[in-house]
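Read through the structure below, which is laid out as structure tokens, and then see the notes.
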Amino acid sequence: MDKWDANSNSFLIIIKERLPRITDKNLHLIQNAYEYAKLAHSGQLRANGKPYFEEHCVPVALHVLNFGMNTPLICAALLHDTIEDTSTTVKNLKDNFGEEIAFLVEGVSKLGKIKYSGNEYHVESLRKFFVFVAQDVRVVILKLADRLHNLETLQYLPAEKQHRIAIESIMIHAPLASRMGMGKLVSKINDLAFPYAYPQEYKKTRSIMDELIKNSDETVKKIHRDLSVDLYNDLNYLPKIDNRIKGTYSFYKKLIRKKWNYKEIYDLIAIRAIVQSIPDCYRALGVIHHHWRPVPGRIKDYIAIPKPNGYQSLHSAVFSGDGHIIEIQIRTPEMHQFDEYGLASHHNYKHIDTQKGTDKESFAWIEQLRELQNSNLTASEYYSQLKTDFFEDRIFVFTPKGDVVDLPVRASILDFAYAVHTEIGERASGGRINGKFMALKTQLKSEQIVEIVTNKKAHPSDKWLGMCITNNALSNIRKYLKIKST
């Protein structure tokens with residue numbers, strides 16, 4: 001965490017160091033936001049007894065800066081609690097800082113009122129917040145920075161509040177960060193929340209992790225040394241090589257999937273090589289497989305086929321030769337930056353429809369969110385679809401042409417059909433998964449190749465509503481049935 005004191009000059013020094021090309025006009029705007037928010041929060045204290053503005057608003061602004069954001073969001077971060085906790089109004093912010101900054105502050109204030117309780121008020125608050133999300137993704141980035149700092153200081157709160165905030169963070173904020181492609185932030189949020197949300201599970205998981213890390217420490221060091229030599233000799237430069245330990249919560253979720261058989265988990269510790277170009281990624285993979293034997297079925301090419309959130313890297317698990325299996329990841333600096341910052345590395349948030357190629361696919365969930373906002377669902381229906389379409393774990397499957405379709409876990413062939421095109425969904429009679437014909441209700445798994453089989457006589461029926469889970473499929477089926485009944 002960056003160090004700062006209680007005056008705006010030291011804060012501006014940090015801003016100028018991180019943003020050397022910032023204009024005097026923008027520096028002045030940030031300074032005004034700093035001084036305005038400090039005055040608005042005057043006399044307010046955090047739970048640790050220290051001044052609220054310096055102990056929360058400034059750290060949040062520094063998190064936003066670390067995400068690579070620019071002046072409007074830095075100002076909004078400094079001001080983000082003024083509507084909620086002071087006499088400041090949205091009009092005050094518009095008058096002093098303009099429409100854009102006022103909008104960002106108002107948007108982030110909406111989620112501040114949400115308590116993860118599952119009741120109707122909670123759902124309606126969530127619906128209102130996502131109106132802002134659908135309009136400008138920066139609202140999410142600001143809220144995530146706010147939540148990250150709250151988690152970093154969770155120890156000062158009463159136990160009941162610690163638990164509620166931790167559960168909220170795992171159920172809402174971490175999935176949002178994941179949807180944004182901000183992998184590093186997902187891990188931070190989950191790992192900070194995990195001990196307070198599920199303390200017994202956390203202790204059990206940490207115990208297993210600590211033992212595994214201790215036992216493999218020498219192996220990792222040796223592979224690190226050998227890999228440095230091998231890649232230098234082949235590439236004629238020394239890539240940046242570091243070790244990555246899997247997040248505690250992520251490891252816990254994997255333990256659950258593996259029924260606590262930790263011997264089936266190969267990526268607790270990964271060695272990461274950052275090379276200069278995509279061709280060098282594949283050269284490095286060849287060097288690695290020449291030195292270490294790869295584990296069958298554990299080679300993942302996320303460069304040729306990125307994950308739906310835009311993540312790219314090569315992954316290969318290898319036998320170390322001394323009884324351990326270690327994952328090695330290879331990527332370029334640009335891929336590494338995207339893994340850490342995700343969509344925060346983009347700067348055209350308001351007009352995402354102008355994005356092309358992979359970028360447009362990365363933003364596609366926001367368009368789906370807009371469609372959900374315009375639906376006439378009840379509170380319970382809306383929350384159910386929000387959980388399914390935006391907060392569930394994701395899978396990605398392929399069309400026969402190699403296009404990637406992003407779906408929630410438990411999605412069926414029928415969900416896939418509607419995701420490809422509404423008309424294909426309405427005429428679907430089944431599907432071929434990796435060449436084998438299966439029924440419409442069959443649940444899909446990541447990396448399967450799915451071809452929809454259509455029939456002119458096929459059409460949606462009430463039974464179809466029980467065969468799919470995505471809002472896109474369900475809403476189109478209901479629409480078809482309503483038209484046919486009139």
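General observations
- Separation of the N455 and N261 label points, Cα + 7 Å toward Cβ, nm: 3.9
- Fully extended contour minus Cα-Cα distance, from S207 to H290, at 0.36 nm per residue: 26.4 nm
- Once the Cβ-Cβ distance of I299 and Y156 is raised to the sixth power relative to R0 = 35 Å, the FRET efficiency obtained is 0.15.
- Note, ³J(HN,Hα) from phi for the stretch 43-55, Karplus 6.51, -1.76, 1.60, rounded to Hz, x at Gly and Pro: x, 7, 10, 7, 4, 7, x, 9, x, 4, 4, 5, 8
- Solvent-free Debye scattering, log10 I(q)/I(0), computed from the Cα coordinates of the stretch 144-234 at q = 0.12, 0.14, 0.15, 0.19 Å⁻¹: -0.54, -0.66, -0.71, -0.88
- Amide H contacts under 5 Å for M438: G431, R432, I433, restricted to partners 5 or more places along the chain or on a different chain, H placed in the peptide plane at 1.01 Å from N.
- Difference of contour (0.36 nm per residue) and Cα-Cα distance, V90 to K240: 49.4 nm
- Sum of side-chain charges, L192 neighbourhood, beta-carbon under 10 Å (Lys, Arg +1; Asp, Glu -1): 0
- For R410, the residues whose modelled amide H falls within less than 5 Å of its own, excluding neighbours fewer than 5 places apart on the same chain, are L444.
- Trypsin sites (Lys or Arg not before Pro) restricted to the stretch 253-302 and DSSP loop, no more than 13 other C-beta within 10 Å: K258, K259
- Cα-based shape type of the stretch 183-250, given that a ≥ b ≥ c are square roots of the gyration tensor eigenvalues and the cut on a/c is 1.5: oblate
- Cα convex hull of the stretch 8-194 - mean projected area over all directions, nm²: 10.5
- Fewest-first ranking of M182, M467, using other Cβ atoms within 10 Å as the exposure measure: M467, M182
- Percent RCO, i.e. relative contact order, over the stretch 199-339, from Cα pairs under 8 Å lying at least 6 residues apart: 23
- The simple Förster model, with R0 at 51 Å and r as the Cβ-Cβ distance, assigns I167 and F437 a FRET efficiency of 0.75.
- Fully extending the segment from I483 to S42 would add 152.9 nm, taking 0.36 nm per residue of separation and subtracting the current Cα-Cα distance.
- Across the cross-link table entries K184/K253; K188/K254; K184/K300; K203/K259; K300/K441, which are compared at the Cα atoms, the separations over 23 Å belong to K300/K441.
- Separation of the K401 and E17 label points, Cα + 7 Å toward Cβ, nm: 5.1
- Ranked by the mean number of other Cβ atoms within 10 Å per residue, highest first, peptides 98-106, 158-166 order as 98-106, 158-166.
- Close amide H pairs (under 5 Å, H built 1.01 Å from N) link I269 with K246, E327, residues at least 5 positions away or on another chain.
- Protection proxy ranking, peptides 419-427, 43-51, average beta carbon neighbours within 10 Å, highest first: 419-427, 43-51
- Counting neighbouring beta carbons within 10 Å and listing from fewest to most, the residues F251, F338, F396, F416 come out as F396, F251, F338, F416.
- Per-residue 3J(HN,Hα) values for the stretch 68-85, derived from phi via the Karplus relation 6.51 cos²θ - 1.76 cosθ + 1.60 with θ = phi - 60°, read x, 7, 10, 3, x, 6, 5, 4, 4, 5, 5, 9, 5, 9, 5, 5, 6, 10 Hz in sequence order (x marks Gly and Pro).
Bear in mind that the values in this text are calculations on the coordinates, not laboratory data. Model, not experiment: these values are computed from the prediction. Note that we place each Cβ from the backbone using ideal geometry, even for glycine, and neighbour counts take in every protein chain shown.
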